[in-house]
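The structure appears below as structure tokens.
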Amino acid sequence: MKVSVIGATGYTGAELVKILLGHPEVKLGSITSKSFAGKKISDVYPNLDTDLVCDEIDLDRISSESILVFVALPHSVSMEVVAKLYSRGKKVIDLSADFRITNPSVYEKWYETAHTQKELLKEAAYGLPEIYGDEIRKASLVANPGCYPTSVILALAPLLENELIEEEGIIIDAKSGVSGAGRKLTLNAHYPEINESLHPYAVEGHRHTPEMEQELSKMARKKINITFVPHLVPINRGIISTCYATLKASLKKADIFGFYKDSYDDAPFVQVLSPGEFPHIKDVIYSNRCRIGIAVDNSRRRIIVISSLDNLVKGASGQAVQNMNLMLGLDEKTGLG
């Protein structure tokens, strides 16, 4: 089965190429790049052992040779390309935010651009396999989640689905490596600015907030508002999210861990740690795993859930391949060992 990657030379696209080169059930067809068209991707990323050449986007050719297409383009640019591929009957996984938020007016507010493909929003499955696996298997269009939302939703889903925490007062303190800012040069990601430092950003509103609130509200079956503060730390990759919530009633730690085990017992890429253990970023980088640790303070009815993942793998490209596996009827672990 041949698949293609549109936007192959950003951090997310290159990670996709790396994973797909080692996938036993698919073969890479076209890879595209606006900035490096005509060059081998191995000239851009010498660690990629391939002779594949980056092309300009030719949707007719890509559609004719590909059973599925990954679109790793910037927000707002992606939606037009996705729509054209979808109209040609292709299975598409979009790694931008263009089809994650179901309410177009919310998208337009946070991304400050018009949504021109509103009719496709209802066709897109939200690509979090641990929650929406059945929908993903049937979908032709999957909206791959953001990296922060993946870490937060997986951390809080068992609590909200089982009505264990108050809907108000949920706080998330998250920290991400610099690759989360993308490959484009910016002052905040400049080495002298980030090295030996740590700083919060988008404190008054991060674009991933409405995506998280949308999905958490579905699980709670009522409106959820969160306080979300991300931080940039001087490492290349990885996310750790510390989530604070108030329990509706005192619960035994064993019971809470039981809810998590029940939720993720069949999820090969989610590891719930034993009581007293907490995740480290170093334990998850270059993997498609999310590790979750839980602390309970019944005297204050507080619960703290800490999740960690690689923002480029489980937070982006690895999850996209996990979604591809489901869409193509493969074991979801294929190529993601």
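Every number here is computed from the coordinates shown, using simple stated rules; none is lab data. Model, not experiment: these values are computed from the prediction. We place every Cβ from the backbone using ideal geometry, glycine too, and count neighbours over all the protein chains shown.
Here 284, 44 are placed in order of increasing Cβ neighbour count within 10 Å, fewest first, which gives 44, 284. Build a GNM of the chain with springs between Cα atoms under 10 Å apart, and of 299, 87, 78 the one that fluctuates most is 299. Taking packing as the residue-averaged number of other Cβ atoms within 10 angstrom, the listed peptides 290-296, 324-330 run from highest to lowest as 290-296, 324-330. Selection among 200, 181, 165 by position relative to the dipole of region 163-224 gives 181 as farthest towards the positive end (Cβ unit charges, Cα centre).
Residue ranges 139-147, 207-215, 192-200 sort as 139-147, 207-215, 192-200 when ordered by packing (mean number of other C-beta atoms within 10 Å per residue, highest first). Using a Gaussian network model of the chain with C-alpha springs under 10 Å, which one of 260, 148, 45 is most mobile by mean-square fluctuation? Maximum fluctuation in the GNM of the chain, among the listed residues, is at 45. In terms of surrounding Cβ atoms within a 10 Å radius of their Cβ, 99, 278 rank from fewest to most as 278, 99. Rounded to the nearest 10 degrees, the inclination of helix 147-161 to the longest alpha-carbon principal axis of the chain is 40 degrees.
Other residues lying with their Cβ under 14 Å from the Cβ of residue 133 contribute a combined charge of -4, Lys and Arg counting +1, Asp and Glu -1. By how many degrees, between 0 and 90 and to the nearest 10, does the Cα long axis of helix 78-87 differ from the longest principal axis of the chain? Once rounded, one gets 70 degrees. Pop a pseudo-label 7 angstrom from the Cα along the beta-carbon direction at both residue 227 and residue 283 and give the gap in nm to one decimal. Inter-label distance under the simple model: 2.8 nm. Sorting 112, 166 by the number of Cβ atoms found within 10 Å of their own Cβ, with the fewest placed first, yields 112, 166. Taking a ≥ b ≥ c as the square roots of the Cα gyration tensor eigenvalues, region 195-334 comes out rounded, since a/c falls below 1.5. Ranked by the mean number of other Cβ atoms within 10 Å per residue, highest first, peptides 307-318, 3-14 order as 307-318, 3-14.
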